[in-house]
Amino acid sequence: MAETDYKEFLAHAKENTARLQKQTKNVGMDYFKMHSDAMEPGAISKKHKELISLAIAISKQCDGCITSHLASAKEDGATIEEVVEVVNVAIMMNGGPAIVYGGKALEAAEQYYGVDLK
């Protein structure tokens, strides 16, 4: 099976999101406003909110969410070690499916962080 280019995948997902937002008008805009408001730093930093979102994305088995929240977590200063621990927590909370999607998150993290976790 060919390796996924997660940066290309995210760019394509953002194009689809822009298309969706344009077509759904207020529904899309309202969702993204809620997303923006929820991710604002408060008692919990934006980095930690992105890491929480990554764990949920793994549990929900959402490739686009995994890629998006991983990229944002890295931008917000998350380390590869923090990402690995988040994958561990997602596996603990979700079992077998998190093994598969946690592996995808680590594969994407290798690309974003330029490391080899093998």
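The values are calculated or read from the model by the stated rules, or taken from the named source; none is laboratory data. Predicted, not measured: the structure shown is a model, and the values here were computed from it. Cβ placement follows ideal geometry from the backbone for every residue including glycine, while neighbour counts extend to all protein chains displayed.
Per this entry, Lys60 is counted among residues that are within 25 Å of Gly102 (Cα to Cα), out of contact with any helix residue (DSSP H, G or I) (no Cβ under 6 Å at 6 or more places or on another chain) and either surrounded by 11 or more Cβ atoms within 10 Å (Cβ to Cβ) or modelled with pLDDT of 95 or more (or both).
State which residue is nearest to Glu85 (Cα to Cα) when the search covers only segment 5-58 and only residues that are among the hydroxyl-bearing types (Ser, Thr, Tyr) and either touching a Lys or Arg at 6+ places or on another chain (Cβ under 6 Å) or without any contact (Cβ under 8 Å) to a residue 40 or more places away in the chain (or both).
Ser53
Are any of the residues in segment 2-10 among the hydroxyl-bearing types (Ser, Thr, Tyr), closer than 22 Å to Ala109 by Cβ and outside any helix (DSSP H, G or I)? Explain how you work it out, then say what you get.
Initial filter on segment 2-10 (among the hydroxyl-bearing types (Ser, Thr, Tyr)): 4, 6.
So of that shortlist, the ones also closer than 22 Å to Ala109 by Cβ come out as 4, 6.
Then keep just the ones that are outside any helix (DSSP H, G or I); that gives 4.
Checked segment 2-10: at least one residue is among the hydroxyl-bearing types (Ser, Thr, Tyr), closer than 22 Å to Ala109 by Cβ and outside any helix (DSSP H, G or I).
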